[in-house]
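What follows draws every value from the coordinates through simple rules; no lab data is involved. On a predicted model such as this, the values are computed, not experimentally measured, just so you know. We place every Cβ from the backbone using ideal geometry, glycine too, and count neighbours over all the protein chains shown.
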Amino acid sequence: MTAHDSERASDPPPPPPLPARFYESPPVILGGMLLWAVGAGVAAAVVMVTGSGFGPADGAGAWFWTCIAGVGVGLFGAAVFSAQRAAARRGDRSAQRGVEPR
């Protein structure tokens, strides 16, 4: 028995599989969009309370537009994901694999 064999014998068991909510894409996409939307609301509230303005150079205004861009990217990602999932359901050859619901 070599030192390498004894290391293998003491390897910990593999971790349990992740719950579906952690690897399914729609909840992750929607959760991310929700966080960006909440951030936009907070930034808008800060801008309105402080009166700093919504310009990109105005502190909280820059955060507001960053959050709006995050929501927009999330919407684009959701549209692409939905199109890929629909193509996979139809059986298109060009569709990505592994996007079907489990």
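A simple spin-label model places the labels of T50 and I68 1.7 nm from each other, with each point 7 Å out along Cα-to-Cβ.
Dividing the radius of gyration of the alpha carbons in segment 25-89 by their Kirkwood radius gives 1.16 for Rg/Rh. Once the chain from V38 to A95 is taken as fully extended at 0.36 nm per residue, the excess over their C-alpha distance is 17.2 nm.
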